[in-house]
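Only one structure is covered here, and it is reproduced in the block below.
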Amino acid sequence: MSLKDKRALITGASSGIGAACARMLAGEGARVILTGRNETALKELAEATGGEAITADLRDMAQIERLFARTGERIDILINNAGIAPRAPIIDGDPDHFRELLEVNVLALTRCTQLALPMFDAQKGGHIINLSSMSGHRVPPSGGFYAATKFAVRAVTEALRYELKAAGSRTRVATISPGFVDTPLLDLYFKGSEEKLETLREDIVMLTPADIAAAVLHILQAPEHVETGDIQLRPSGQGV
Ligand SMILES: NC(=O)c1ccc[n+]([C@@H]2O[C@H](COP(=O)([O-])OP(=O)(O)OC[C@H]3O[C@@H](n4cnc5c(N)ncnc54)[C@H](OP(=O)(O)O)[C@@H]3O)[C@@H](O)[C@H]2O)c1
């Protein structure tokens, strides 16, 4: 599908993968609506992309509702990208981290999905792309509660797909499951074992946010009879 004049809402657009998706979509002629908490970063990106910035803390359901109320009447694409990865081992992780992981990575994604669906064209439907992770396919030793939330993203997406088919909707849903992408999220994930991240950066060429944006483009540009389920992308040097 041509992205010209399509309206795309991108969560977590202030950084990393979300920002790269915004640039890519804007480059294809889409009108991007950018959300996150970092107002300065969002405004800069809005200026660069001709998009619109709406700040919202996705841990707060009322702010999610305000975000959608401000988004306008129609969108064509929702990219549920916002996510966090604080260190959250099961045996002694901070319960506040568990709650926040659930709120941002799963509950917000699900609520954004609910609010986006009525905003898609009733006949043509829209596109929803959810950011899962390779940690949503297999649990790495350091995966902790983060991995649990990324498995949940895949389950939510699959459940949604069946519900949409049952309802006769033409909206297509997909997940993207990256391995290591060099973004600020990795600094959080490796907090306390920074030397591992340093070694990783020396040992492999990580994915870039632009690599993930290219996968988003692939999904969005597929012909209407093609529905991508999941794209797994790893740096070619990543072992697991
Ligand atoms: N980097 C990787 O290796 C990797 C691998 C697999 C999957 N992923 C997934 O890819 C997605 C994007 O991650 P990234 O690597 O691009 O990380 P990032 O650069 O840290 O970006 C995360 C984004 O999420 C937003 N966000 C976090 N908490 C939020 C909140 N409470 N309310 C609103 N927005 C919030 C941040 O915006 P503000 O700070 O402005 O709120 C930021 O824009 C995540 O879902 C992540 O799990 C990343």
Globularity index of region 52-98, i.e. its alpha-carbon radius of gyration over 2.2 N^0.38 Å = 1.57
So which trypsin sites (Lys or Arg not before Pro) in region 119-154 pass both tests, a DSSP loop state and at most 13 other Cβ atoms within 10 Å of the Cβ?
-> LYS124, ARG138
Counting Lys and Arg as +1 and Asp and Glu as -1, each charge on the Cβ, what is the dipole of region 74-137 about the Cα centre in debye, to the nearest 20?
-> 280
Computed over region 116-240, the ratio Rg/Rh where both radii use C-alpha atoms and Rh is Kirkwood = 1.03
Gyration tensor over alpha-carbon atoms, the chain, equivalent ellipsoid semi-axes in Å = 27, 19, 19
Straight-distance crosslink candidates among lysines, where the alpha carbon sits under 21 Å from LYS150 and sequence neighbours closer than 8 are dropped = LYS191
Estimated FRET transfer efficiency (LEU197, GLU28; beta-carbon r; R0 41 Å; 0.05) | 0.80
Would you kindly derive the ³J(HN,Hα) couplings of region 126-136 from the backbone phi angles with the Karplus curve 6.51 cos²θ - 1.76 cosθ + 1.60 (θ = phi - 60°), listing them in order in whole Hz, with x for Gly and Pro?
-> x, 10, 10, 10, 9, 7, 9, 5, 4, 6, x
Around LEU3, what is the net charge, scoring Lys/Arg as +1 and Asp/Glu as -1 over all other residues with Cβ under 15 Å from its Cβ?
-> +3
Contact order normalised by residue count of the chain, Cα under 8 Å, 6+ apart, percent | 20
Given labels modelled 7 Å from the Cα in the Cβ direction, how far is it in nm from GLU65 to LEU217?
-> 3.9
To the nearest 10 degrees, how steep is helix 194-203 against the longest Cα principal axis of the chain, on a 0 to 90 scale?
-> 70
For region 1-106, take the alpha-carbon Rg, divide it by the Kirkwood Rh, and send me Rg/Rh.
-> 1.03
How long is the gain from SER2 to THR208 if the chain were fully straight, where each residue apart is worth 0.36 nm and the alpha carbon distance is subtracted?
-> 71.7 nm
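Every number in this text was worked out from the coordinates using simple rules, so none of it is lab data. Everything numeric in this text was worked out from a predicted model, so none of it was measured. Counting neighbours? That spans all protein chains shown, and the Cβs are built from the backbone with ideal geometry, glycine included.
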